[in-house]
Amino acid sequence: MPVRLFSYLRSQLTLLGVLVIGILWASCDAGITGDYIENQAPSTYMTIAGIDREDEFRLSSQIRISWWGNDPDGYVAGFEYAINDTSEGAWSFTTRTDSTFILPITEGQTVDDVLFKVRAIDNDGAKDPVGARLRYPIINSTPSAAFKPTETPADTMFGIASFGWTIDDPDGLLNVRSTQIAFNDTLNGWVDIPFNAKNNGELFISVSVDNKTVGIKTGQVYLGRSYSSAIDGEGNPILVSGIEVGATNTAYVRTIDAAGAVSMRDQVQWFVKQQKSKVLFFNDIGKNSSLDDMNWHLSYLSELGIDPDIWLINTGQPALGTIELSDQFPKVVDPTLKKTLAQWDHIYWVSDDVDRNIVHALDITSEFFAGGGSMFVTIPMKEVSQEDVIFNFLPVDSIGFFPPGGIETGFVINSGTEITPVDEPNAPTLKLESRVVGWYPLQAVSGSTLLYESDYRSTTLLGFITDYTIMEGVSIKNTEGNLIYFGMDLTKLNGNNNMKDFIEYMCLQQLGFQQ
């Protein structure tokens, strides 16, 4: 391109640029002109335009509702919704475009048509003046209540019983207004029990009554496994009436929903036994002579002025080395059984096998001992593993054993053998009335006190009987002084006719038993 032509074009472009800048400058100096457009309100829409359902085809009151909005000159910042009441103070704000609602049914009605209205709000705060609305034809569903079989009382209980039940409502747990329990009286005895819908409809309470005397009593309600006192809306303990000590009782539960629909009742029965003594007698003897053996012990306690409360816990047989906790105990150990056992000051525990309920004693008696309780346990010691859980409770370090490679086969104690005191020489000396086999000697755990010992002998492969000297313990008192274990069957040890003196020494003098 010739140089002269190029220079000409460049000068023309420069002139054009100056003209454009001038025009823009002049426009800015004159300001923006035109008509101001006011903010336009948003619009709101329901996802469903209408519902046509009647009779049994009506909807459940728990419904998921969705909506959306549009703003022509900005954006939708949120929504307000109202149910039935659309007066200005009844609206609730949300930024969601859907949610699950429990639509309220007029109390006493089975069906209802519930109005739901929603309106959009834009970024300038303008609200849709019309909004979207829809009437939902709903039908109320009946709630339910049912006891949990694993959380109901045993056939016979003392002053504390626990009850677990579940509640449900097809319309959702948020539709449940209350769940109630009553004892023996379904007309005037219903009491509201606090519940939290977040607990999947599960409730657990304990009821404690004074069972020192027979008759109809008022009980106090405790909530949950923590056994915390239940409080009503006015800050008072929740009480229940109508429980009768010394009789069979019936507990009822039911549920009431927001529309007033009442569930079918569920019920469970149990006997409330009177507590007459500070001493509890556990009969955990599984053999056929169980009642005779129990009465043998009770006769000597009676001579000492002690008439204990009796609890039979001798159902079931040891399996695979350990028995399950007796079904004569309450199904719930913590807090029910623990709190119940803590009602006594002393326990006299008799069994014929260390594989029975005594293996659970460490757990179930924790509150009993924490409250200052004392216990006498008499169970013949047999061959068990040195790692057996029983040694976590009894003050026994080890039991009789035979050195490897020996010819010993078992233990025997001859008729007429004496069981002699160790700690106090003047304590009663017992005598074996007949020969026994299979009772093992004991070694006391460090810090405990060996109270009695005897002359154990061992049988051999050659048929001889030899003296056994590794250990000879029979009875041990624990370090705390609140538990005595006697590792023989007392019914076979009255050769000196002094069993009353022995039980007095062990239970009254050593452990402080009182009626």
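Surface composition of the chain: carbon and sulfur atoms hold 50% of the protein heavy-atom accessible area at a 1.4 Å probe. Between Ser226 and Gln269, the modelled label-to-label distance comes to 3.7 nm, taking each label 7 Å out from Cα in the direction of the beta carbon.
Once the chain from Asn70 to Asp124 is taken as fully extended at 0.36 nm per residue, the excess over their C-alpha distance is 18.1 nm.
Think of the chain as having a plus end and a minus end, set by charges on the Cβ of Lys, Arg, Asp and Glu; of Trp68, Trp165, Gly215, Trp68 sits farthest toward the positive end of this dipole. For Thr47, the amide hydrogen comes within under 5 Å of the amide hydrogens of Ser66, Trp67, Trp68, counting only partners 5 or more places away or on other chains and with H modelled in the peptide plane. Taking other residues whose beta carbon is less than 11 angstrom from the beta carbon of Leu442, and scoring Lys, Arg as +1 and Asp, Glu as -1, yields -3. Accessible surface comparison of Arg457, Arg133, probe 1.4 Å, protein chains only, largest first: the order is Arg133, Arg457. Just the accessible area for Ile238, please: 1.4 Å probe, Å², rounded to the nearest 10? Around 10 Å² of this residue is reachable by solvent.
Using the Karplus relation 6.51 cos²θ - 1.76 cosθ + 1.60 with θ = phi - 60°, the per-residue 3J(HN,Hα) values for the range 282-299 come to 9, 9, 10, 8, x, 7, 5, 8, 3, 5, 5, 5, 4, 5, 4, 5, 4, 5 Hz, with x marking Gly and Pro. Annotation note: chymotrypsin sites (Phe, Trp or Tyr not before Pro) in the range 457-497 located in DSSP loop regions with a Cβ neighbour count of at most 15 within 10 Å are Phe464. Heavy-atom accessible area, probed at 1.4 angstrom with all protein chains present, ranks Asp232, Asp124 as Asp124, Asp232, highest first. Here the relative contact order of the range 136-210, from alpha carbon pairs under 8 Å that lie six or more residues apart, stands at 32 percent. Counted by Cβ distance under 14 Å from Phe93, the other residues give a net charge of 0, where Lys and Arg count +1 and Asp and Glu count -1. Per-residue extension of 0.36 nm, minus the Cα-Cα distance of Tyr45 and Asn414, leaves a gain of 123.2 nm for this segment. Dipole magnitude for the range 197-261: computed about the Cα centre from +1 point charges on Lys and Arg Cβ and -1 point charges on Asp and Glu Cβ, it is near 180 debye. In terms of accessible area, using a 1.4 Å probe and ignoring ligands and nucleic acids, Asp98, Asp327, Asp128 rank largest first as Asp327, Asp98, Asp128. Each label point was placed 7 Å from the Cα along the Cα-to-Cβ direction; for Thr250 and Lys198 their separation is 3.7 nm.
On full extension, the segment bounded by Lys276 and Asn497 gains 76.6 nm, given 0.36 nm per residue less the C-alpha separation. For the chain, the longest principal axis of the alpha carbon atoms and the long axis of helix 3-30 meet at an angle near 70°. Evaluated with a Cβ-only charge set (Lys, Arg +1; Asp, Glu -1), the chain carries a dipole of roughly 840 debye about its Cα centre, given to the nearest 20. Relative contact order of the range 350-480: 24 percent, from C-alpha pairs under 8 Å at least 6 residues apart in sequence. Shown is the FRET efficiency for Val214 and Thr186, computed with R0 = 35 Å from the Cβ-Cβ distance and rounded to the nearest 0.05: 0.95. A simple count of charges around Trp165, restricted to other residues whose Cβ falls under 9 Å of its Cβ and scoring Lys, Arg +1 and Asp, Glu -1, yields -2. Specify whether the C-alpha gyration tensor of the range 137-294 places it in the rounded, prolate or oblate class, a ≥ b ≥ c being the square roots of the eigenvalues: rounded for a/c under 1.5, otherwise prolate if a/b is larger than b/c and oblate if not. Prolate is the answer for the range 137-294, as a/c is 1.5 or above and a/b outweighs b/c.
Shape verdict for the range 411-462, please, from the Cα gyration tensor: rounded (a/c under 1.5), prolate (a/b greater than b/c) or oblate. Taking the square roots of the gyration eigenvalues as a ≥ b ≥ c, the range 411-462 is oblate.
For Thr47, the accessible area of its heavy atoms, probed at 1.4 Å with every protein chain present, is near 90 square angstrom. Accessible surface computed residue by residue for the chain, with neighbouring protein chains in place and a 1.4 Å probe, gives 50 Å² per residue. Summing Cβ point charges (Lys, Arg +1; Asp, Glu -1) relative to the Cα centre of the range 419-463 gives a dipole of roughly 220 debye.
The values are calculated or read from the model by the stated rules, or taken from the named source; none is laboratory data. Source: prediction; values computed, not measured. Methodologically, a virtual Cβ is constructed for each residue, glycine included, from the backbone with ideal geometry; neighbour enumeration extends over all protein chains shown. Calculation scope for accessible area: heavy atoms of the full protein, side chains included, ligands and nucleic acids excluded. Shrake-Rupley method; radii C 1.70, N 1.55, O 1.52, S 1.80 Å.
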